[in-house]
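Everything below concerns the one structure shown next.
The values are calculated or read from the model by the stated rules, or taken from the named source; none is laboratory data. Predicted model, so just to flag it, every value in this text is computed and none were measured. Here the Cβ is made from the backbone with ideal geometry for all residues, glycine too, and neighbour counts use every protein chain on show.
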Amino acid sequence: MAKSPPLTSQTEDFPRWYQDVVAKAELAENGPVRGTMVIRPYGYAIWEAMQQEVDARIKAAGAQNAYFPMFIPMSYLEKESAHVEGFSPELAIVTHGGGKELEEPAVVRPTSETIINASFSKWVQSYRDLPLLINQWSNVVRWEMRPRVFLRTSEFLWQEGHTAHATQADAATYALRILTDVYQDFMVNVLAIPVLSGLKSPAESFPGAIRSLCCEAMMRDGKALQMATSHELGQNFSRMFDISYSDQDGKLVNVWQTSWGCSTRMVGGLIMAHGDDKGLVVPPKLAPTQVVIQIVRDGEGVTEAAEALKRNLTDDQIVGQIDVQKDDQRGTVEASKILIDNKTSVSFGRRSTDWEIKGIPIRVELGPRDVEEGVGILVRRDTSEKTPVPLQELPQKISATLQIQQQDMLAKASMRLEDHTSQTTTLEEATEQAQEGFARIPWKTLGVDGEASLAAKGVSVRCLLREDNTTPATLDEPNLIAVVGRAY
RNA sequence: CGGGCUGUGGCGCAGUUUGGUAGCGCACCUGCUUUGGGAGCAGGGGGUCGCCGGUUCAAAUCCGGCCAGCCCGACCA
């Protein structure tokens, strides 16, 4: 009966473990063109859950969704010099269309600052038009040398926000608001991933930005992953695209801008921040399926008990989502937060393993023996803890456990981040500590030169923080701390 | 673009040294027995062996050319 484990263990080979999880949890697979990916239904359901949460927060921050074209005139990109320099190595360029060579090549958007700002210049005339707060959900293309599913693909899905403000202060405030109220809040409270919200060093800043903010997370192998960014663009684009308005005194002034984004890379971050040797672990608040009621073996009253339990869960809205009934041929309920697994033609062990690989937060084992005893076996994915619970108490117990699991996952990840972060005072020490996790070192000790020498050893400055871990407003603040580490 | 490797059913691989007409595991289909931690047995379907050319009675195997992909470096949400 004992089989070799379905996945490579994390300690044996972390990258291999990652690929195993992506494949066996049916999240994604490689597309036919190098660097592209097919996002499978379960992976896409996770992305949709992320979208829903992020989108709600973006709207709460006052931005509206819109959509801009995927094709951008080459000349637009060339208007901002740092911007085009930063992106030109990875552009996909369309030179032919309709069987003819195009008069001007069209760039497939690597990001949409330029094309959106071309519209902004038409939309903004008066101070009354400001702030202008726009977001779009789209795909973008950056031709990557070394792609990795979810983490670095040539085409990826994301959201990009673009805003125009009357003053620099207003733009700065908004960039920070997005970072904390949208990204950080989502990551901490939904993904259960603690993040460092800081300022990028000049070397790591976005091409065309005057300042870049970011949320950095630590993966279980101690490496860093940038989960989201928020930039202050100053007037770099508004000057080039002539986005100006008449102020209250009738003077013509250029706007101050921000842009910010998060992508399908977060799915990779989710896998690597919480996953264990049994597979993915999805936090309850994000999980497309929160509970699987697993019929161990059919028998007297088992199916009825499972259905009753499901009804109780949805009727009480305990799980928090309206149940969409959609039976498929296999008799499971795929489009639901609660799923009955009655596929008893497949062995119990196989089904248990499959749900674990997918990281479903709670499994309830229900068999003839349990029904006779009037219990269900509640199994937590994060701890593997099994508890027999009387059937009538199960809905409340499940609800409580989902909440506890959400908190525990964040607590565990926070502890891991703390345990793998060390205080250092010298460059040598920081380089060494960064092999196992994050190292904190005074930015004035490190400096731009120190940053360059770290880069030679595969270590980079992930972000700059104040001593109390809050986000600095500018690079000029005294006593900034650089957090350095190896990054994806 | 520099260095290493690999192309054989859906996936992972053996076979290539020494040419003889394609095999294994997983997955899939059918049936029976199973089901409390990746089930067992029996039967079955599926591959012009990356592409083009050459040598030969005969090429997955030998020779020449081309193409693609993977891993390690520089770039990156």
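For region A:87-104, a residue qualifies if it is surrounded by fewer than 18 Cβ atoms within 10 Å (Cβ to Cβ) and not charged (D, E, K, R), and the qualifying residues are A:Ser88, A:Pro89, A:Ala92, A:Ile93, A:Val94, A:Thr95, A:His96, A:Gly97, A:Gly98, A:Gly99, A:Leu102.
Applying the condition of being touching a residue at least 60 places away in the same chain (Cβ under 8 Å), within 13 Å of RNA strand B (Cβ to nearest atom) and not polar (S, T, N, Q) to region A:32-49 and asking which residue is farthest from A:Met145 (Cα to Cα) yields A:Trp47. Note on region A:341-351: residues that are within 31 Å of the chain's Cα centre (by Cα) and either assigned by TED's automatic domain parsing to the domain that holds A:Lys24 or surrounded by fewer than 18 Cβ atoms within 10 Å (Cβ to Cβ) (or both) total 1. Quick check, is A:Leu27 of a type in the set (A, V, I, L, M, F, W, C), within 16 Å of RNA strand B (Cβ to nearest atom), touching a residue at least 60 places away in the same chain (Cβ under 8 Å) and not assigned by TED's automatic domain parsing to the domain that holds A:Thr180? For A:Leu27, the condition - of a type in the set (A, V, I, L, M, F, W, C), within 16 Å of RNA strand B (Cβ to nearest atom), touching a residue at least 60 places away in the same chain (Cβ under 8 Å) and not assigned by TED's automatic domain parsing to the domain that holds A:Thr180 - is not met.
Can we say A:Arg16 is within 23 Å of the chain's Cα centre (by Cα) and not in a loop (DSSP other than H, G, I, E, B)? Here the answer is yes, as A:Arg16 does meet what is asked.
Within region A:408-435, restricting attention to residues that are surrounded by 15 or more Cβ atoms within 10 Å (Cβ to Cβ) and outside any helix (DSSP H, G or I), the residue that is farthest from the chain's Cα centre (by Cα) is A:Thr424. Mind listing whichever residues of region A:263-286 are of a type outside the set (D, E, K, R) and within 16 Å of A:Thr383 (Cβ to Cβ)? Across region A:263-286, the qualifying residues are A:His274, A:Gly275, A:Gly279, A:Leu280, A:Val281, A:Val282, A:Pro283, A:Pro284.
Evaluate region A:94-103: report whether one residue or more is modelled with pLDDT of 90 or more and either among the hydrophobic types (A, V, I, L, M, F, W, C) or more than 25 Å from A:Ser212 (Cβ to Cβ) (or both). Within region A:94-103, one or more residues are modelled with pLDDT of 90 or more and either among the hydrophobic types (A, V, I, L, M, F, W, C) or more than 25 Å from A:Ser212 (Cβ to Cβ) (or both). Hey, any hits in region A:193-204 for a residue that's within 20 Å of A:Phe14 (Cβ to Cβ), within 12 Å of RNA strand B (Cβ to nearest atom), in contact with a strand residue (DSSP E or B) (Cβ under 7 Å, 6 or more places away or on another chain) and not small (Gly, Ala, Ser)? No: region A:193-204 contains no residue that is within 20 Å of A:Phe14 (Cβ to Cβ), within 12 Å of RNA strand B (Cβ to nearest atom), in contact with a strand residue (DSSP E or B) (Cβ under 7 Å, 6 or more places away or on another chain) and not small (Gly, Ala, Ser).
Going through region A:225-235 one residue at a time, which ones are buried (at least 24 other Cβ atoms within 10 Å of the Cβ) and either more than 9 Å from RNA strand B (Cβ to nearest atom) or assigned to a helix (DSSP H, G or I) (or both)? Answer for region A:225-235, where residues must be buried (at least 24 other Cβ atoms within 10 Å of the Cβ) and either more than 9 Å from RNA strand B (Cβ to nearest atom) or assigned to a helix (DSSP H, G or I) (or both): A:Ser230, A:His231, A:Glu232, A:Leu233. Residues satisfying the criterion are present in region A:450-460 (criterion: assigned to a strand (DSSP E or B) and modelled with pLDDT under 95).
Scanning region A:25-39 for residues that are closer than 28 Å to A:Ser352 by Cα and not in a strand (DSSP E or B) gives A:Ala25, A:Glu26, A:Leu27. Scan region A:173-191 and give yes if some residue there is modelled with pLDDT of 95 or more, more than 24 Å from A:Met50 (Cα to Cα) and either among the basic types (Lys, Arg) or in a loop (DSSP other than H, G, I, E, B) (or both), otherwise no. No - not one qualifying residue is present in region A:173-191. When A:Ser112 is tested against the conditions (1) buried (at least 18 other Cβ atoms within 10 Å of the Cβ); (2) touching a helix residue (DSSP H, G or I) at 6+ places or on another chain (Cβ under 8 Å), the lone failure is (2).
Selection of first residues in region A:123-148 that are assigned by TED's automatic domain parsing to the domain that holds A:Ser244 and surrounded by fewer than 16 Cβ atoms within 10 Å (Cβ to Cβ) and of second residues that are assigned to a helix (DSSP H, G or I) and not charged (D, E, K, R), restricted to Cβ pairs under 7 Å at least 6 apart or on distinct chains, gives the following pairs, ordered by first then second residue: A:Asp129/A:Trp123; A:Trp137/A:Gln51.
Residues checked against (1) surrounded by 15 or more Cβ atoms within 10 Å (Cβ to Cβ); (2) modelled with pLDDT under 90; (3) of a type in the set (A, V, I, L, M, F, W, C):
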{"residue": "A:Glu12", "(1), (2), (3)": "no, yes, no"}
{"residue": "A:Pro15", "(1), (2), (3)": "no, yes, no"}
{"residue": "A:Ala23", "(1), (2), (3)": "yes, yes, yes"}
{"residue": "A:Leu27", "(1), (2), (3)": "yes, no, yes"}
{"residue": "A:Pro32", "(1), (2), (3)": "no, yes, no"}
{"residue": "A:Gly35", "(1), (2), (3)": "yes, yes, no"}
{"residue": "A:Val38", "(1), (2), (3)": "no, yes, yes"}
{"residue": "A:Tyr44", "(1), (2), (3)": "yes, no, no"}
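A:Pro32 meets each of the listed conditions (1) under 21 Å from the mean Cα position of the chain (by Cα); (2) more than 20 Å from A:Thr258 (Cβ to Cβ) apart from (1). Which of the residues that make up region A:171-187 are β-branched (Val, Ile, Thr), crowded, with 19+ Cβ neighbours inside 10 Å and more than 11 Å from A:Ala228 (Cα to Cα)? Hits for region A:171-187: nothing passes. When region A:445-465 is filtered for residues that are more than 24 Å from the chain's Cα centre (by Cα) and within 30 Å of A:Asp170 (Cβ to Cβ), only A:Val448 remains. Can you pull out every residue in region A:107-161 that is within 13 Å of RNA strand B (Cβ to nearest atom), aromatic (Phe, Trp, Tyr) and not in a loop (DSSP other than H, G, I, E, B)? Within region A:107-161, A:Phe156, A:Trp158 qualify. Restricting A:Thr424, A:Thr383 to those that are without any contact (Cβ under 8 Å) to a residue 24 or more places away in the chain and of a type outside the set (A, V, I, L, M) reduces the list to A:Thr424. Among the candidates A:Gln392, A:Gln405, A:Gln396, which residue alone is free of Cβ contacts under 8 Å to residues at least 40 places away in the same chain, away from RNA strand B (no atom under 14 Å from the Cβ), within 29 Å of A:Arg297 (Cα to Cα) and assigned to a helix (DSSP H, G or I)? On inspection, the qualifying residue turns out to be A:Gln392.
Filter region A:365-389 down to the residues that are near RNA strand B (Cβ under 8 Å from one of its atoms) and β-branched (Val, Ile, Thr) and list them by number. Scanning region A:365-389 gives A:Val371, A:Ile377, A:Val379.
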